[in-house]
Amino acid sequence: MTRSIRLITTLAALLLGCTNSGSAGAAEVPAWRVLHVGHLLAEPGKPARGASTIVLQGTRIHAVHSGHRAPEVLDGVPADALVVDLGDAYVLPGLIDSHVHLTSDTAGVQALVDEVTLSPPAQAFDAAVNARKTLLAGFTTVRNLGDGDGVTLALRDAIAAGKAIGPRVLDAGTSISVTAGHMDGSLGFREDLHDALDVHDNLCDGIDDCRRAVRRQVGRGVDVIKFASTGGVNSRIGAGIGQQIFEDEARAIVETAHLYRKKVAVHAHGADGILVALKVGADSIEHGTLLDEAGVKAFLAGGAYYVPTLSVVNGYRERLEKNAGAYTDEVLAKIRWRVEVTGKSLQLAVKRGVKIAFGTDAGVSKHGRNADEFLLMVEHGMTPASAIRAATVGAADLLGLADEIGTVEAGKLADLIAVRGDPVEDVSRLQNVAWVMRAGAVYKAGLPGTSVDP
C-alpha cells in the first residue's frame, strides 16, 4: 500500500468515526431558531446590548432585535420556531485564531522525533483532536499556518463538508522558506537524510524559484501563503532571528500570491525582516518580536495586521518545567531571549495604532487553551475590549471573511459563543466558554436548557 493510499484510508476511517459519533459534525441545523440572550456583544469594541433576540435561519443570522421576542411577533418567522433561552449569559461572535498549527502539540526535541516517526495518518488523528479542542474552546475559525503533508488541507475540507468536528479552517499548506531558512525541514538532521525527508518543494532561492514555490502551494488548494523572512526561535540553525531572505525574493512571493488573490502571512522576528516583508506588501506579520519605529511606520502606511502570538511563552515555560532538556542548546538560548522580550512589540503597536489580529501559534502553545492569549494581550497594553475585537472584527478582516463572520448581525454566519459574566470586565472569562455554535450547529451546550445538536 502506497503512502498516499494509507493516508486516504486512515482519513476515511477518521472521518467515519466523527460522523458516527452522534456529534453535530453531520447535523442538519433547524430551519428556524429564536435565541433569547441576556447580554449581546454584537460588535466587539462597542458597548454590549442588554436582553436581545437573535433569529437564526439555518446556518445564518436572520435578524437581531432588542428585548426578548416570541416567534409569533417576528415578521417572516414561523410561529413554531424553536426558542432557545441562554439565560443571563453574554453572547458574542465566535472567536478567531489567526495563527495555529493543528497537526502538533509538541516542540523541541520531541517535535524532531515526531517529524521522522509520525506518519501522515497519525498526524491526521492529532489534527482532528486538536481541531475539536479548539472549537470547544470557542474558536469557530482558525488560520492554519504550516503543515507539510496536506493533513490540514484535507481536514479543512472534511469540516466544511460536515464530516469532522472543528473550526472553519483557512490553510496555508506548507510554509515557504529559503534554503537554510526557518521552515527548511532538513535543519537539525544529518545531511545524508535530507533527500529521504523530502522537504524541498517549499524551499526557494531566487525570484523564479520563489514564484514556483508559491504556485506549488496554490496548486494544492491553499487559502493563504505563508513564508519566513527571518530566522525562528525553534529552528536549529545558528544564524539568529534576523532577515534571511532578499527583498527581490520576498517581493516575488508576495506578488505571485496576490496574483492568485491569496493573502500573505509572514513569519518575522527581527526588525529588518519585518520591514522588508511590509515593504513588499505582506498582509500580516506573525510574531513581530523586534518591531521598531520604522516597522510601525510601514505597518501604518500599508495597513497590514500584526499577529503577536504571545502564547508561545506559555508553551516554552510549561515544557521546560516538565523537562529541562526539552530543547537543544541553540534553541534554548533563543527561547530565553523570546520570553524576555515578549510583549514589548505589542505595547509599541497598540500605542501607535497598528491593526492587531488575534493569533496564538497554538501547537507551540497548547491547543484548546487559545484564550490564554487574551490575558497576555491585556498584560501588554490592550484593553479587554480591544483584545476581543482583535479576535473577532480584526481577525475576520485579516482573513478576508468580514462579510461572513466577526460580528453578530443579519446575513452573517451563525458563529456564536456564550460565557457566564461580562468578558469585557474580566477577559479571563473567555477561558471558560460555556456554549459554542458554528454555522448554526451547537457543539457545546454548557448552559441550562441547552443541548448539542444531534
query = Extension gain GLU330-LYS46, at 0.36 nm per residue separation less the Cα-Cα distance, in nm?
reply = 97.7 nm
request  = Please state the charge dipole magnitude for the stretch 341-424, taken about the Cα centre, from unit charges on C-beta atoms (+1 on K and R, -1 on D and E), reported in debye and rounded to the nearest 20.
outcome  = 340 debye
request  = Take every DSSP beta bridge whose two residues both sit in the chain, then give the antiparallel share in percent to the nearest 5.
outcome  = 45 percent
request  = Between VAL73 and ALA402, take the C-beta separation as r, use R0 = 25 Å, and let me know the FRET efficiency to the nearest 0.05.
outcome  = 0.20
message = In the chain, if the dipole is taken from +1 on Lys/Arg beta carbons and -1 on Asp/Glu beta carbons about the Cα centre, which of ALA268, THR134, VAL296 is farthest to the positive end?
response = THR134
note = In degrees, nearest 10, the alpha-carbon axis of helix 151-160 is tilted away from the dominant principal axis of the alpha carbons of the chain by 10 degrees
message = Need one number: % antiparallel among DSSP beta bridges in the stretch 193-326, to the nearest 5.
response = 10 percent
task = For the chain, give the magnitude of the charge dipole about the Cα centre (Cβ charges: +1 Lys/Arg, -1 Asp/Glu; no others), in debye to the nearest 20.
result = 480 debye
note = Ratio for the stretch 351-454, C-alpha Rg to 2.2 N^0.38 Å, reads 1.12
message = In whole Å, what are the extents of the stretch 74-145 along the principal axes defined by its C-alpha atoms, from largest to smallest?
response = 59, 23, 20
request  = State, as an integer percentage, the relative contact order of the chain based on alpha-carbon contacts under 8 Å between residues 6 or more apart.
outcome  = 20 percent
request  = For the stretch 239-365, take the alpha-carbon Rg, divide it by the Kirkwood Rh, and send me Rg/Rh.
outcome  = 1.00
ask   = When Rg is the radius of gyration of the Cα atoms in the stretch 323-409 and Rh is its Kirkwood radius, what does Rg/Rh come to?
value = 1.05
task = Rounded, prolate or oblate: pick one for the stretch 95-398, where a ≥ b ≥ c are the square roots of the eigenvalues of its C-alpha gyration tensor, a/c under 1.5 means rounded, and failing that, prolate if a/b is larger than b/c, else oblate.
result = rounded
key: Entries of LYS279/LYS355; LYS133/LYS351; LYS279/LYS351 with Cα pairs more than 27 Å apart   = LYS133/LYS351
request  = Note down the net charge around ALA371, summing +1 for each Lys or Arg and -1 for each Asp or Glu among other residues with Cβ under 13 Å from its Cβ.
outcome  = 0
remark   = The alpha-carbon center of the stretch 247-322 and that of the stretch 21-100 are separated, in whole Å, by 36 Å
inquiry  = If each DSSP helix of 4+ residues adds -39,500 (n - 2.57) and the sum is divided by the residues in the chain, what number results at 222 nm, nearest 500 deg cm²/dmol?
reply    = -10000 deg cm²/dmol
note = Measuring from the longest principal axis of the C-alpha atoms of the chain, the long axis of helix 293-302 (C-alpha) lies at a number of degrees, nearest 10, equal to 50 degrees
task = Please report the relative contact order for the stretch 328-450, taking Cα pairs under 8 Å with a sequence separation of at least 6, and give it as a percent rounded to a whole number.
result = 18 percent
query = Under a Cβ-Cβ cut-off of 13 Å, what is the net charge of the residues other than PRO30 that fall near it, where Lys and Arg count +1 and Asp and Glu count -1?
reply = -1
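Read-outs throughout are calculated quantities, based only on the coordinates presented, and are distinct from any laboratory measurement. Every value quoted in this text rests on a predicted model; they were computed, and no experiment measured them. Glycine gets a Cβ as well: all are built from the backbone with ideal geometry, and neighbour counts include every protein chain shown.
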